[in-house]
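Chemist: To start, I am sharing the structure in question, which I have written as structure tokens.
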Amino acid sequence: MSVAGETSAVVWIESLSPWPPDGFGLDRMHDLLERLDHPERAFPAIHVVGTNGKSTATRAIAALLRAEGLRAGAYTSPHVSGWAERLDTDAETFERALARVRPAAEALKATQFEALTAAALAQFAADRVDVAVVEAGLGGRLDATNVLETRIVLLTNVGLEHTDVLGTTREEIAREKLAVVRPGATAVLGEPEWAYLVPENEVILGGAREAAAAFLGRPIDLEVEAALAGRLERRGNEIRDGAHTPEAVEWLLERLPRLGDYVICASILADKDVDGMLARLAQAGDTFVATASSNPRALPADALARRARGRFSDVETVPDPTAALARARELAQAHRPVLVTGSLYLLADLNSML
């Protein structure tokens, strides 16, 4: 989402296509890194793959390792608070990171995600990090982040997502994600059922803490905060979470106070399991304000509202996200909580709205 006063670097990165015109693959990414003198070889890495919770896990691993005295970089996507969030840095550093890779990226006609990934890896090399914690964008096998010789891979969980690219079953999707596990690497699995897919690797069951401990080679007892915009983010009487799959909504419901009392403001991408998400969101409250984020893949607000009727007693259509949140707050009348969810892109649109 563009705003006035953005830097030329941000204007440039937003001008790039997020999707490869010639299909997914790693050739262009390898060429880009070669032109940058292979920054990905300057540090060890932890790769985070999965359907839900990747960004939070990535930040948590980095926070744990920083608490242990290491200089740790973190790369996540998508962003809510601004582009610099992806590199866990400030706007000025993000600008420099993009400038470093722009000539090579333009020459190769890199995609938006390829350019961002290269910028992150080059910045980590420039910062001389002890370790980089890198979140995969889509899947794993053909993702632009699959250029790292990672020692540790964390698979958070597996749900049905991007089935047109990754496969139509959870097993097919798990295979795509675990294809990033290199020989000799340790696989940390949030779900034990996938251990048979990495029979030659050491397998540890767990999440962010276990992944950080596996990297260090010893247990970690420290407690850290890993707050991230749009991930169970609390703003007064309002909760914002980018849950975008039925499984993510279930995870969210387990953590909501006052379940059943929420006014829900939501946008959902058309390629998601819309009905599965709506069925679960109905447990959070009976009032639903349908809107549409600025992402071109967002389901139109009126179409979302039609599919929500029958699950919620009160459904309204407000296409503009800012107006939709204002309407949800009005319906809540200050005595009911508001839940903003369905897409991180919606939360990015609303980030500046307090």
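The values are calculated or read from the model by the stated rules, or taken from the named source; none is laboratory data. Since we're looking at a predicted model, the values are computed, not measured. Glycine gets a Cβ as well: all are built from the backbone with ideal geometry, and neighbour counts include every protein chain shown. Ligands, DNA and RNA are stripped out before the accessible areas are found, and what is left, the full protein with its side chains, is counted by its heavy atoms. Shrake-Rupley method; radii C 1.70, N 1.55, O 1.52, S 1.80 Å.
Chemist: Say R0 is 35 Å: what FRET efficiency, to the nearest 0.05, do Arg128 and Glu225 get from their beta-carbon distance?
Modeler: Calculated value: 0.90.
Chemist: So how far apart, in nm, are the two label points at His335 and Ser81 if each is 7 Å from Cα heading toward Cβ?
Modeler: Result: 3.5 nm between the two label points.
Chemist: For P(r) over Cα pairs in 10 Å bins from 0, in percent, pick the label among [x] 6, 28, 36, 24, 6, 0; [y] 5, 22, 25, 18, 16, 10, 3, 0; [z] 5, 25, 32, 26, 11, 1 that corresponds to the value derived from the coordinates.
Modeler: Structure-derived value, by its label: [z].
Chemist: Probe of 1.4 angstrom, ligands and nucleic acids ignored: what's the accessible area per residue over the stretch 238-291, in square angstrom?
Modeler: Numbers: 1700 Å² over 54 residues.
Value returned for the stretch 238-291: 32 Å² of accessible area per residue.
Chemist: Helix-only estimate, please: 222 nm mean residue ellipticity of the chain, summing -39500 (n - 2.57) across DSSP H runs of length 4 or more and dividing by its residues, to the nearest 500.
Modeler: -10500 deg cm²/dmol
Chemist: Taking the chain as a Gaussian network, where each spring joins two C-alpha atoms under 10 Å apart, which residue of Gly82, Gly140, Gly342 fluctuates the most?
Modeler: Maximum among the listed residues: Gly82.
Chemist: Can I ask one more? Can you tell me how the stretch 121-218 classifies by the Cα gyration tensor, rounded, prolate or oblate, using a/c under 1.5 as the rounded cut? Please list the in-between numbers first.
Modeler: Working: a/c = 2.06, a/b = 1.28, b/c = 1.61.
Oblate, since a/c reaches 1.5 and b/c is not below a/b.
Chemist: Sorted by mean Cβ packing within 10 Å, highest first, what order do the peptides 227-234, 278-285 take? Don't jump to the answer; show the numbers that get you there.
Modeler: On the way: 227-234: 17.5, 278-285: 20.2.
My ranking of the peptides, most packed first, is 278-285, 227-234.
Chemist: What residues qualify as long-range amide H neighbours of Val133, i.e. H under 5 Å apart, gap of 5 or more or another chain, H built at 1.01 Å from N?
Modeler: Ile46, Gly73, Ala74, Tyr75
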